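Structure first, commentary second.
The values are calculated or read from the model by the stated rules, or taken from the named source; none is laboratory data. Computed from a prediction, not measured in an experiment: that's the story for all the values here. Methodologically, a virtual Cβ is constructed for each residue, glycine included, from the backbone with ideal geometry; neighbour enumeration extends over all protein chains shown. SASA here: full protein model, heavy atoms, side chains in, ligands and nucleic acids out. Shrake-Rupley method; radii C 1.70, N 1.55, O 1.52, S 1.80 Å.
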Amino acid sequence: MERLNDIDDLKVAVRSLIAAEPRFSAVVEHHGLPQLRHAAPGLQSLLRIVTDQLISLKAGESIWARLTTQLGSFLPEEIMAASHDDLRALGLSAAKARTFHAAAKAFAAGDLEENLQLSDAVLYRRLTGITGIGPWTASIYLLMTHRAVDAWPAADLALQYAAKDLLALGERPSPRRMVVLAEPWRPYRSAAALLLWQHYRNLRTITPD
């Protein structure tokens, strides 16, 4: 399987995951298969992921609505024409404004324009080479737009809380431990992430650390 393209691909991946970790079966039994998270590859999708980092869904949607109104089609030249102050006035932090410009420059240079033709490993390296794009952002982009079968955003808090509950861990696992926990789930860690997000959304109570 080269890409997690459709429900049949997801079923294959989930069967393999349940064989490796039987507790995943409870997620499917109680909540069904998770929805695939697909988005169009390109600068706009990457910037949406950056916008949503470390803030609530409601705040992310509000900021994105303002950005969409002001920036229109999210072409690289439109992003670069907006100053850092302009972007901050629309709700972005200073760090995210810098990342917007760095990402726009990378797309303008053609490093990522044809990213569907790149291997997951090459795309990951190019993404994390952009100022402000870390492993979490790159992994989410790979999962959503590249339909990667083995993306694993280990620093994702929702995944950590879900893993803590589903796997009956004593504490929320760190990103490093999440990497170790997911090793047996290769090469289908993207599907594991989808299952854990499904589990997270259906937890009745989550007590923050």
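Observations on the structure shown:
- Here the accessible area of the chain is 52 percent carbon and sulfur, with a 1.4 angstrom probe and all protein chains present.
- Rg/Rh for the stretch 116-209, where both radii come from Cα atoms and Rh is the Kirkwood radius: 0.99
- Using the Cβ-Cβ distance between residue 57 and residue 84 with R0 = 25 Å, the FRET efficiency computed as 1/(1 + (r/R0)^6) comes to roughly 0.50.
- Pairwise Cα inverse-distance average, inverted: Kirkwood Rh of the chain (Å): 18.0 Å
- Rounded accessible area per residue of the stretch 1-101, 1.4 Å, Å²: 55 Å²
- Kirkwood's formula applied to the C-alpha pairs of the stretch 30-83 gives a hydrodynamic radius of 12.8 angstrom.
- From largest to smallest, the equivalent ellipsoid semi-axes obtained for the stretch 95-167 from the alpha-carbon gyration tensor read 25, 16, 8 Å.
- Descending semi-axes in whole angstrom, ellipsoid equivalent of the stretch 140-185, from the Cα gyration tensor: 21, 11, 9
- Alpha-carbon centroids, the stretch 178-201 and the stretch 130-173: separation in whole Å: 8 Å
- Protection-proxy order for peptides 25-37, 184-196, 9-21, each taking the mean of Cβ atoms within 10 Å per residue, highest first: 184-196, 9-21, 25-37
- Net charge of the neighbourhood of residue 2, taken over other residues with C-beta under 12 Å away and scored Lys/Arg +1, Asp/Glu -1, is -1.
- Per residue, the stretch 103-206 exposes an accessible area of 46 Å² to a 1.4 Å probe, with every protein chain left in place.
- Environment charge of residue 17, counting only residues whose C-beta is closer than 11 Å and scoring Lys/Arg +1, Asp/Glu -1: +4
- Across all directions, the average flat footprint of the convex hull enclosing the Cα atoms of the stretch 1-66 is 6.4 nm².
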